[in-house]
Amino acid sequence: MDLNFRYELLAPEIAVAVTAVLVMFADAFRNELNLKRNLLPQISLLGLAVALVFSLMLGNVSDDFARLVQIDEFTTFFRVLFIAVTLILIIGSHEYIDRHVNHIGEFYGLLLFSTVGAMLMAGARDLITAYLAIEVLSFSLYVAVSLSKNDPRSGEAALKYVLLGGVASAMLLYGLSFIYGVTGSTQYSEISAALSAGNVDFETALILGLVLVIAGLGFKASAVPFHMWTPDAYEGAPIPITAYLSATSKAATFALFLRWFAGPLLPAIDHWQWILALLSVITMVVGNLVALQQHNIKRLLAYSSIGQVGFMLMCITAISEQTGSALLLHLVGYLITNLAIFMAIIAFYNRTGKEEINQFKGLAQTNPYLALVITSGLFSLAGMPLLAGFVTKFILFQSVVSAGYLWLVIVALVASTVSLYYYLQVIKQMYLYQPEDDGNGSNHRWNLTVTGYLSTGILFIGVVWVGVYATPFYEFADKAIAPLFA
């Protein structure tokens, strides 16, 4: 069989990978070449911009690379999403990285390599390719979590993350081996054909494989009960990596969920649908209830993200073109919202060095713009009208109800109402209390840097834009999901 080795189809991934190597090379020989440190984020941004242009140029292509990577609208959607997340993250956090991160060159390199892994997860059309992409993303993040300067929590978080991540990877690989064993192939199309033909003789092995695959992906997505690493990793990691874990890492996992459960594993839907429904309910309930007890803003957002994963799993449970499109739209709204909050937290931490919820007291007086960004982001996560979270949740819930899962949406509505309480605890600190004087001037009016205003401003506009006029994003999502159900 002839294989298509058109490397231009992988131009975005190659561009980001080459940029990562250039950044690490420039950092290693910075003194010899007399380079400034601020050149590293500039090289990263330039490489990402080139990759974004390549992604858009390949937007209408429908082809595959060596039967390993599928290039279609779905791949393009996630390529653009992942590159945009990394661009915004570097723009909004380079001051934080300079001050609070060890080994800056490696940090940017790992961020870029993990973006390559995420893009390949979305485009993979072979189980082995997908698994290797997962490991590229995961190993980059294992190291990046540990790079916080002078923070003992960082090393502890990385150790927990890598130990539990190793177990999850083993479970996932073992599950994939079962699926290969019963279908005789690692190619998505051939797995689908084997399951559709009903010639799988080892049903027990298939079910066991599906359970292990769901457990492995559940770890990557932070679904309960595979979420144990999440709060510690979020709290101990540098804040930009916490933001990345909550954004790109989650979205890449759900890209893989959609590729697998809307494609090769769809014929076995009767075996896995009830598992995902149960996982969705437990994740929504546990994530939102445990969040009520948190006092650190990063841990609160960790459990908030766990609760959000429960909402997203509803769409995989009720998988269809409608729910898939709704999930992609919700991912866009969720990523914009989460990044807006984290960029604001980074700006606050750069000024104060604080991350406890009760240390946000009086922020509405010392920096009303930042308080507004955080408030709009939290209200969006809670699903308040005129913000991104309301529109995307409404469409998501509507699509799941249309698929016949009203009871799941009722659980989601109750969980979403609970989430409003702990989001309001943060807002209360910012607006109802006077700022405390700790001797460093943090109780006086202060401003953000230019890049701080740029990153938070773009994301704040995005939160409102999606909330008020989501049509372009919905059309993009609708077009992106179509190849999976063609």
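Quick test for you: out of Gly467, Gly389, Gly404, pick the one residue that is of a type outside the set (S, T, N, Q), at positive phi and modelled with pLDDT under 95.
Result of the check over Gly467, Gly389, Gly404: Gly404.
Right, Ile83: among the aliphatic types (A, V, I, L, M), over 28 Å from Phe254 (Cβ atoms), within 25 Å of the chain's Cα centre (by Cα) and surrounded by 15 or more Cβ atoms within 10 Å (Cβ to Cβ) or not?
It is false that Ile83 is among the aliphatic types (A, V, I, L, M), over 28 Å from Phe254 (Cβ atoms), within 25 Å of the chain's Cα centre (by Cα) and surrounded by 15 or more Cβ atoms within 10 Å (Cβ to Cβ).
Only helices (runs of 4 or more DSSP H) wholly contained in segment 107-214 count here; list those with 3 or more residues that are closer than 26 Å to Ile97 by Cα and in contact (Cβ under 8 Å) with a residue 60 or more places away in the chain. Walk me through how you get there before you give the answer.
Numbers: elements: 127-145, 152-183, 188-197.
In segment 107-214, 127-145, 152-183 are the helices (runs of 4 or more DSSP H) which contain 3 or more residues that are closer than 26 Å to Ile97 by Cα and in contact (Cβ under 8 Å) with a residue 60 or more places away in the chain.
Looking at Ile275, Ile346, Ile316, which one is assigned to a helix (DSSP H, G or I), touching a helix residue (DSSP H, G or I) at 6+ places or on another chain (Cβ under 7 Å) and surrounded by fewer than 24 Cβ atoms within 10 Å (Cβ to Cβ)?
It is Ile275.
Out of all the residues in segment 176-219, which are under 13 Å from Leu266 (Cα atoms), within 25 Å of the chain's Cα centre (by Cα) and not hydroxyl-bearing (Ser, Thr, Tyr)?
Across segment 176-219, the qualifying residue is only Leu210.
What do you reckon, is Pro435 in a helix (DSSP H, G or I) and at negative phi?
Against the criterion (in a helix (DSSP H, G or I) and at negative phi), Pro435 does not qualify.
Can you spot a residue in segment 352-371 that is within 24 Å of Val281 (Cβ to Cβ), surrounded by fewer than 22 Cβ atoms within 10 Å (Cβ to Cβ), touching a helix residue (DSSP H, G or I) at 6+ places or on another chain (Cβ under 9 Å) and of a type outside the set (Lys, Arg)?
no
Can you tell me which residue within segment 104-158, out of those that are closer than 16 Å to Ala247 by Cα and of a type in the set (Val, Ile, Thr), is surrounded by the most Cβ atoms within 10 Å (Cβ to Cβ)?
This residue is Thr115.
Hey, any hits in segment 59-72 for a residue that's surrounded by fewer than 20 Cβ atoms within 10 Å (Cβ to Cβ), in a helix (DSSP H, G or I) and not polar (S, T, N, Q)?
Looking through segment 59-72, none of the residues is surrounded by fewer than 20 Cβ atoms within 10 Å (Cβ to Cβ), in a helix (DSSP H, G or I) and not polar (S, T, N, Q).
Is it the case that segment 354-371 has a residue that's over 25 Å from Pro435 (Cβ atoms), charged (D, E, K, R) and within 24 Å of the chain's Cα centre (by Cα)? Don't jump to the end; show me each part of the working.
The initial filter retains those residues of segment 354-371 that are over 25 Å from Pro435 (Cβ atoms), namely none.
No.
Determine which member of the set Ile83, Ile91, Ile71 is modelled with pLDDT of 95 or more and either on the phi < 0 side of the Ramachandran plot or hydrophobic (A, V, I, L, M, F, W, C) (or both).
Selected residue: Ile83, the only one of Ile83, Ile91, Ile71 that is modelled with pLDDT of 95 or more and either on the phi < 0 side of the Ramachandran plot or hydrophobic (A, V, I, L, M, F, W, C) (or both).
Looking at segment 27-47, which of its residues are part of a helix (DSSP H, G or I) and either loosely packed, with under 13 Cβ neighbours inside 10 Å or of a type in the set (A, V, I, L, M, F, W, C) (or both)? Walk me through it before giving the result.
Taking segment 27-47 and keeping what is part of a helix (DSSP H, G or I), we get 27-28, 30-33, 39-47.
Hits for segment 27-47 are Ala28, Asn31, Glu32, Leu33, Leu39, Leu40, Ile43, Leu45, Leu46.
Name the residue, out of Leu448, Leu370, Leu454, Leu386, that is of a type outside the set (Gly, Ala, Ser), out of contact with any Asp or Glu (no Cβ under 6 Å at 6 or more places or on another chain), in a loop (DSSP other than H, G, I, E, B) and under 30 Å from Gln42 (Cα atoms). Break it down stepwise before answering.
Values: Leu370 fails: in a loop (DSSP other than H, G, I, E, B); Leu454 fails: in a loop (DSSP other than H, G, I, E, B); Leu386 fails: under 30 Å from Gln42 (Cα atoms).
Being of a type outside the set (Gly, Ala, Ser), out of contact with any Asp or Glu (no Cβ under 6 Å at 6 or more places or on another chain), in a loop (DSSP other than H, G, I, E, B) and under 30 Å from Gln42 (Cα atoms) holds for just one of Leu448, Leu370, Leu454, Leu386, which is Leu448.
Just checking, does segment 287-304 include any residue being assigned to a helix (DSSP H, G or I) and either on the phi > 0 side of the Ramachandran plot or in contact with a Cys (Cβ under 7 Å, 6 or more places away or on another chain) (or both)?
Looking through segment 287-304, none of the residues is assigned to a helix (DSSP H, G or I) and either on the phi > 0 side of the Ramachandran plot or in contact with a Cys (Cβ under 7 Å, 6 or more places away or on another chain) (or both).
The values are calculated or read from the model by the stated rules, or taken from the named source; none is laboratory data. These numbers come from a predicted model, not from an experiment. Methodologically, a virtual Cβ is constructed for each residue, glycine included, from the backbone with ideal geometry; neighbour enumeration extends over all protein chains shown.
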